[in-house]
Each structure stands twice: as C-alpha cells, then as structure tokens.
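Colleague: Below you will find the structure I want to go over with you.
The values are calculated or read from the model by the stated rules, or taken from the named source; none is laboratory data. These numbers were taken from a predicted model, which means no experiment stands behind them. So basically every Cβ, Gly included, is an ideal-geometry build from the backbone, and we count neighbours across all protein chains shown.
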Amino acid sequence: MYGPLNIGIERVAEEAMHVQRQLGAGLKTLREVGDYDFGATPKQEVWRDGKVVLYRFIGEKAPTARVPLLLSYALVNRPYMVDLQEDRSLVKGLLARGEDVYIIDWGYPDRSDRFLTLEDYIERFIGGAVDHLRRSHGLDAINLLGICQGGAFSLCYAALHPGKIRNLVTMVTPVDFHTEDNMLSHWTRDMDVDLFVDTLGNVPADLMNFCYLTLKPWRNFVQKYVGLVDVLDDTKAVEDFLRMEKWIFDSPDQAGETFRQFIKQFYHGNGFVNGGITIGDREVHLGLVEMPVLNVYAENDHLVPPSASRPLRDLVGTDDYTEVSFRGGHIGIYVSGRAQQQVPAAIHDWLAQRS
C-alpha cells in the first residue's frame, strides 16, 4: 500500500507557474535557436562503392599515428553520432590525440539494395575500405574500430582477414545474443524473419525506430519531453536536444537480405557463441582473431548489456585482450561529458602502446 503524496495546493500552483514561465521562455528560445545540424569535424571523401562512402576526418593538426583507424558503425542509425557536435565528439577526441581517423558511411539503402547480403557489407564494403587504406598508407594492416552492429561486422572481418587488421577495438558490441537481460534479443528470437522480409522487402526505418524506442517507453515517449520544459530558457540546451532528436529519427531503411541473414545467424543462431556464422562461403571462427583486442562496453547499456559483450574474452584467439567498462549507456558512451574525457583517451592510449 502506498501512502498519500501529500502535495499541497501551493506546490501544485508553484509547479504550474514554473511550467507557464518555461513555455513562455520557450517561445523566445525557439526564435533564437541557431544551426543544430550535426558533424563537428570537416571530412573528405577518399573512396566510394555505390552509396557507401569512406571519409577521412580533418583535424586541426596533422595526425601523428602512422596506422590509420577505421570506424565501422551500425546500419540502423547514421554514423555521425561519433561526431555529433563540437563538445560531444569521439572523433575530435581521437584526432586531438594524433589518431588518423576514417569512417564508413553506409548511406541510405533503397529498393535497389534489397538483395545486398552480409558478404556485401563485410567483404565488399568493409574489405574495400580496408584495402584502400592499406594501399594509400603502404601498410599490410590497419586499425579497426567497430561500434555496435558495426563491431559484430568488424569481428567477422578480422576473423576472416586477420593479416589485414593490426589492432581491433569493439565498442558496445554484442557477442552473446542470448543473454537473459537482453530484451531486444528476446523480442527478435520470436520473429518470423522470412515472412517479415518477404513481405516488406527492405525494413522501414520508422518501424525499426519504434521498436528501439519501445524498449524504454516511459523514458523515450514521455520523460525526455517533460524534461525539455526545464531547459526551454536555455538556447544551447534546446539546440543539443534538437540535434539528438534529429539523429534518433534520421535512420536509414535496412537492406532486406542483410537483415534476414543477420537476424538468423546472430540473434536466432547466436553464431559467435555456437558457431554457424557464414559470410559468403566462409565460416567465421573468432578463435582466428589473434590480433590485440580492446573491448569497450557501457555498464548501463539497455541495447547491448555488458553480459552480451564480455563473453568476447573467451572466444577470441588473442592473448592480448583488454576490457574497458564505461559508467553510462549505449549513447552516453559517445556524447556524455564523462565520455569525452575517458573514452578517446582509453582508445588512443591502448593503440599507442601497440603502435
């Protein structure tokens, strides 16, 4: 039994006046909101395959690292989360420490991409970007940083081509897809993915977004918008909010065949743990990942719980394995104030020790 809330009429009136003042201030703030576009760092295109583009970030000073670092993001959202704004940018933190940073932009798949497969994304696109960097830098191997689903892709590529990856970094990357605390996994394992893809073709971005948002419905549909009232008199805070909202709803459709294969082999089959992941005609064995591995995970991640990421230690073949835990969530690991100090430094220092 719960007791009375004991909220007096004076408190209710005070809260109502506060909301009224904030809404009034919001009218003025919204007129003053400036550019809340994304991307803090200049970049240039260096390679392309259809809609997929490889960009090089241009820092304020020339990189000191001799081995380039390639970022591979997930397919479900746009990769500019790692360079969202001036004071929230994993990329800027890495550039400031001398890293030579590149990123793959997957573009926006359309109906012509429906039959792209995992082999296309891993061998053709990641492989093409890796080979371009190896040629342009005159190196046998480069550094690869995979994020979320892009981390799973990177593990596959590193296992299939261990001689081309010098050091591998995985961030908030799922490895064990059948952990008890993974709500997304429980939902997905009951999916008739053949019926789903055969009916829809490509997977609509809005449908994917709705599924992710409903994992935390109170937080994503109510709490954050109620909280917006408290910052309506702060132009920068409103710009930050709008920028994040723009990223959340700027999601590409998913190539249908790739989605089908990923769900079956990773979510249904738990292929990293049980075996059975096949890219083209080659099977992926994480025991062949023998280069140094840094696994970075978020302690409060509701999409990739730590229990889904930490099993990597026992699956890879390397003796040089390091874990770094970050006190935050799946998105906070890129954009929180704490992350700006901790995450780029941890990655750079680890790479520098293995240069």
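Colleague: I'm told HIS330 meets every condition in (1) at pLDDT 95 or above; (2) in a loop (DSSP other than H, G, I, E, B) except one. Can you identify the failing condition by its number?
Modeller: Going through (1) at pLDDT 95 or above; (2) in a loop (DSSP other than H, G, I, E, B) one by one, HIS330 breaks only (1).
Colleague: Give the residues of the stretch 253-308 that are farther than 20 Å from ASN202 by Cα, among the acidic types (Asp, Glu) and either in contact (Cβ under 8 Å) with a residue 24 or more places away in the chain or not assigned by TED's automatic domain parsing to the domain that holds GLU119 (or both), sorted by residue number.
Modeller: Result: GLU290, GLU299, ASP301.
Colleague: Kindly indicate the residue of the stretch 301-335 that is closer than 15 Å to VAL172 by Cα and of a type in the set (S, T, N, Q) and also surrounded by the most Cβ atoms within 10 Å (Cβ to Cβ) among those meeting that condition. Break it down stepwise before answering.
Modeller: Taking the stretch 301-335 as the starting set, the residues that turn out to be closer than 15 Å to VAL172 by Cα are 301-313, 322-335.
With of a type in the set (S, T, N, Q) added as a condition, the list becomes 307, 309, 322, 325.
Details: SER307: 15, SER309: 25, THR322: 16, SER325: 13.
Step by step, filter the stretch 301-335, then rank; the result is SER309.
Colleague: Where residues in the stretch 281-296 are touching a helix residue (DSSP H, G or I) at 6+ places or on another chain (Cβ under 6 Å) and either modelled with pLDDT under 95 or of a type in the set (Val, Ile, Thr) (or both), which of them is surrounded by the most Cβ atoms within 10 Å (Cβ to Cβ)?
Modeller: Among residues in the stretch 281-296 that are touching a helix residue (DSSP H, G or I) at 6+ places or on another chain (Cβ under 6 Å) and either modelled with pLDDT under 95 or of a type in the set (Val, Ile, Thr) (or both), the one surrounded by the most Cβ atoms within 10 Å (Cβ to Cβ) is VAL289.
Colleague: Mind checking which pairs have a first residue in the stretch 90-101 that is within 12 Å of THR64 (Cβ to Cβ) and a second that is assigned to a strand (DSSP E or B) and hydrophobic (A, V, I, L, M, F, W, C), Cβ under 7 Å, 6 or more apart or different chains?
Modeller: Qualifying pairs under 7 Å: LEU94/LEU69; LEU94/VAL101; LEU95/PHE57; LEU95/VAL101; GLU99/LEU69; ASP100/LEU69.
Colleague: Filter the stretch 333-352 down to the residues that are in a helix (DSSP H, G or I) and among the polar types (S, T, N, Q), then identify the one that is farthest from GLY151 (Cα to Cα). If you could, list the steps in order and put the result at the bottom.
Modeller: Quick first cut of the stretch 333-352, residues in a helix (DSSP H, G or I) only: 333-335, 337-352.
If we keep only those that are among the polar types (S, T, N, Q) too, we end up with 340-342.
Values: GLN340: 20, GLN341: 22, GLN342: 20 Å.
This residue is GLN341.
Colleague: Next question, about the same structure. Could you tell me how many of the residues in the stretch 225-234 are at pLDDT 70 or above and either loosely packed, with under 13 Cβ neighbours inside 10 Å or under 27 Å from the mean Cα position of the chain (by Cα) (or both)? Even if it seems obvious, please write down each step before you answer.
Modeller: Residues of the stretch 225-234 that are at pLDDT 70 or above, as a first pass: 226-228, 230, 232-234.
From what's left, either loosely packed, with under 13 Cβ neighbours inside 10 Å or under 27 Å from the mean Cα position of the chain (by Cα) (or both): 226-228, 230.
Within the stretch 225-234, residues that are at pLDDT 70 or above and either loosely packed, with under 13 Cβ neighbours inside 10 Å or under 27 Å from the mean Cα position of the chain (by Cα) (or both) number 4.
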